[in-house]
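The structure appears right after this line, and notes come after that.
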Amino acid sequence: MAQQLALSVDFGSGFTQAWSKIAKVIPQFIAFLVILAIGWIVAKAIAGVLDRVLRRLGSERVAERAGMARYLSGSKYDMTGIICKIVYYTIRPCSRTSQQIAVSRVTA
């Protein structure tokens, strides 16, 4: 007589584990989006304030006296705009680092 093998697969625990992992990822993803938005807003605000301050201090006159305005005449950016873009793109990676720290704290 041939013996019958009883195969049983517990699909319920697999789905439970999958939903558990999804439930752990959702708060991390929300934290990532919130910190990304805050970092973007802060970087934009700092670049905007810096732009206004540099223009009031007369950075364009300094660029003209230094001869930089001549080199940037065909560009869509002026010296103040370039400085503000450099500051903006310097601040953005800092916000990404804080995202990694915050997400690691959420997972811990």
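The values are calculated or read from the model by the stated rules, or taken from the named source; none is laboratory data. Keep in mind the model is a prediction, meaning the values are calculated, not measured. So basically every Cβ, Gly included, is an ideal-geometry build from the backbone, and we count neighbours across all protein chains shown.
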Quiz item: Does Ser95 fit the bill of being loosely packed, with under 11 Cβ neighbours inside 10 Å and at pLDDT below 85?
Solution: no
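Considering only segment 39-75, state which residues are hydrophobic (A, V, I, L, M, F, W, C) and over 30 Å from the mean Cα position of the chain (by Cα).
Taking segment 39-75 as the starting set, the residues that turn out to be hydrophobic (A, V, I, L, M, F, W, C) are 40-43, 45-47, 49-50, 53-54, 57, 62-63, 66, 68-69, 72.
Those that are hydrophobic (A, V, I, L, M, F, W, C) and over 30 Å from the mean Cα position of the chain (by Cα): Leu57, Val62, Ala63, Ala66, Met68, Ala69.
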Exercise. Give just the number: which of (1) surrounded by 14 or more Cβ atoms within 10 Å (Cβ to Cβ); (2) at pLDDT 75 or above does Lys85 not satisfy?
Key: (1)
